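The values are calculated or read from the model by the stated rules, or taken from the named source; none is laboratory data. Computed from a predicted structure; not experimentally measured. Note that each Cβ is placed from the backbone with ideal geometry, even for glycine, and that neighbours are counted across all protein chains shown. Just so you know, the surface numbers come from the protein's heavy atoms only, side chains and all, with ligands and any DNA or RNA stripped out. Shrake-Rupley method; radii C 1.70, N 1.55, O 1.52, S 1.80 Å.
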Amino acid sequence: MSTPLIRVYNTLQHAKVPLEPITPGKLGVYVCGPTVYSYVHIGNARTFTSFDVIVRYLRFRGFEVKYVRNYTDVDDKIINAAKASGEDPIALAARFVGEFEADAKALHLIAPDVSPKVSETIPEIVALVKTLVEKGAAYVSGGDVYFEVRKFPGYLKLSGKNLDELQAGAGEREQKGEVKRDPGDFALWKGAKPGEPSWDSPWGKGRPGWHIECSAMSSKYLGETFDLHGGGLDLIFPHHDNEIAQSEAASGKTLCHCWMHGGFLDLDGAKMSKSLGNVVQLRDAMKRVDPEALRYFFLGTHYRQALAFNDKMLADAETRMEYFYETLKKIDERVTGKDFGQGALHGDPERFIAQFDEQMSDDFNFSGALGVLSGLFAELNQLADKPPVKDKPMVGRTLVALRGVVTRLSKVLGVFDDVPADWLLRRRDRQVVAKGLDVAKIEGLIADRKAAREAKNYAEGDRLRAEAKAMGVEFIDSPQGTTWKVIAELATA
Ligand code: AMP
Ligand code: ZN
């Protein structure tokens, strides 16, 4: 079976289109990164995880990907946050870059190849604005520079919005003013205000507008035309429409072949956003459940669809992960250090890779890919639980091969990438804290039960097991002794 061609939904074409790299074998990917004025929430994290898995998958398929994700470290929100805390805006932004990187690492996000910052891209931004002024696409007004939207013929081609309708909707506030020629014109450069960060420019001291940074950074690192551009749905208009206008007016070339947009993570029916105040910070979510469980939760829904968040779903994702890790622990205990020789296998373990490719090639169907994993784990359990006595080496060999498939897929999805026993213990520790369990008491019950059973007092042994169960704890007996786990239904209720 040949590997399927990757098809990607392109917002610009409203359709899935074949991924055709500009340079064969290579891909340039630009993702709009965080505005660093606060801690990221799990809505932001969902979008970054989607593009993380997309880049990992493209690499898995053999593409040499150059992955750029910026930091917006000069922005009104940052300036306002700095005013509120009495900090220097650049220092505040630098602090939150550090916090973001710690969170991103904990969430197993791969580091982009380049993470440019606005504050470090000022010369390129100034040069780009200068080009736009020289070409007549932008004009200077006071100490500001504006992009003249009505001069760019393809303006709003990404969102499909209509400029006249937009302005009719804007009402009195956005009437043609002295500063702008048209209410739709947007700032490329803003003249300095007291107490705000500013840099020298041909138009006096000032700072970049929001959109110009991504045009400057993408062309700096990926060239004037590149393959894939990503971000959340909220960025289509105005941010990405404006990026296209700026870049294409300056270069005369297509900015990007394929525009990808991730759906929102919603809480109580509304987009999670700091301005609405309905946020769950990523670091808080990662205290409640394992980061891999959070990734697993995100991946359960197609990246373009809305994802409703609630605590129960997150807890359920971790319970599901527990099942996967228990399976892997069982398999590892069974096959590690053993040689099952060469020879025939049950079924074809590689078929799971082919099924995974089929799902991921279809516009990165994450939930379909997780469905393939479920099938793979069902097969692992079936083989591990019912070994045909006569062909044990064949079972062992197949388990080893399937375990290898899990490892390969886990590198793409960023889940099941831990040592199973370690992951399970960390999960249990969190459950113990959440339920306020007394570990010494549980271990006391296990010791008492062992003693009762040694004295052949099985009724007492059963009573002790029942006592543990009433606490929400299950005993697991094995030839190595008795261990315990927290019963998931009670833990997540
Ligand atoms: P920001 O820091 O606000 O610029 O957002 C960083 C990224 O997170 C952007 O790609 C946004 O589109 C995305 N984003 C913001 N809120 C959400 C949400 N509730 N769900 C999914 N993505 C979001
Ligand atoms: Zn951007």
**Report entry** Of residues in the stretch 27-66 being over 20 Å from residue 415 (Cβ atoms) and among the hydroxyl-bearing types (Ser, Thr, Tyr), the one surrounded by the most Cβ atoms within 10 Å (Cβ to Cβ)
**Finding:** 30
Query raised in the report: Given the residues 78, 90, which is the only one that is β-branched (Val, Ile, Thr) and either assigned to a strand (DSSP E or B) or buried (at least 19 other Cβ atoms within 10 Å of the Cβ) (or both)?
Result: 78
Query raised in the report: Is it the case that the stretch 251-272 has a residue that's within 16 Å of ligand 2 (Cβ to nearest atom), in the same structural domain as residue 16 (by TED's automatic domain parsing), part of a helix (DSSP H, G or I) and open to solvent by less than 10 Å² (accessible area, probe 1.4 Å)?
Result: no
Query raised in the report: When you look at residue 72, is it within 16 Å of ligand 2 (Cβ to nearest atom) and open to solvent by 30 Å² or more (accessible area, probe 1.4 Å), yes or no?
Result: no
Report task. Keeping to the stretch 14-26, report how many residues are more than 25 Å from residue 295 (Cβ to Cβ) and either in contact with a helix residue (DSSP H, G or I) (Cβ under 8 Å, 6 or more places away or on another chain) or open to solvent by 40 Å² or more (accessible area, probe 1.4 Å) (or both). Result -> 7
Query raised in the report: Does the stretch 351-366 contain at least one residue that is among the β-branched types (Val, Ile, Thr), out of contact with any Phe, Trp or Tyr (no Cβ under 6 Å at 6 or more places or on another chain) and open to solvent by less than 40 Å² (accessible area, probe 1.4 Å)?
Result: yes
Query - Residue, nearest to ligand 2 (Cβ to nearest atom), within the stretch 281-305, restricted to residues that are assigned to a loop (DSSP other than H, G, I, E, B) and over 21 Å from residue 235 (Cβ atoms) - result: 300
Query raised in the report: Within the stretch 195-203, is there a residue that is over 22 Å from residue 93 (Cβ atoms) and open to solvent by 30 Å² or more (accessible area, probe 1.4 Å)?
Result: yes
Requested in this report: Consider only pairs whose beta carbons are under 6 Å apart and that are at least six residues apart or on different chains; among these, list those whose first residue lies in the stretch 24-45 and is more than 23 Å from residue 286 (Cα to Cα) and whose second residue is part of a loop (DSSP other than H, G, I, E, B).
Outcome: 27/21; 27/63
Report summary line: residue 308 meets each of (1) open to solvent by 50 Å² or more (accessible area, probe 1.4 Å); (2) assigned to a helix (DSSP H, G or I); (3) at pLDDT 95 or above with one exception, condition (2)
Query raised in the report: Can we say residue 408 is open to solvent by 70 Å² or more (accessible area, probe 1.4 Å) and either touching a residue at least 12 places away in the same chain (Cβ under 8 Å) or of a type in the set (Lys, Arg) (or both)?
Result: yes
Query - Selection from the stretch 104-136 of residues that are touching an Asp or Glu at 6+ places or on another chain (Cβ under 7 Å) and closer than 22 Å to residue 200 by Cβ - result: 117, 118, 119, 121, 125
Report task. Would you check if there is a residue in the stretch 145-156 being touching a residue at least 40 places away in the same chain (Cβ under 8 Å) and open to solvent by 70 Å² or more (accessible area, probe 1.4 Å)? Result -> yes
Query raised in the report: Hey, any hits in the stretch 31-54 for a residue that's more than 16 Å from ligand 2 (Cβ to nearest atom), outside the structural domain of residue 360 (by TED's automatic domain parsing), over 20 Å from the mean Cα position of the chain (by Cα) and farther than 30 Å from residue 91 by Cβ?
Result: no
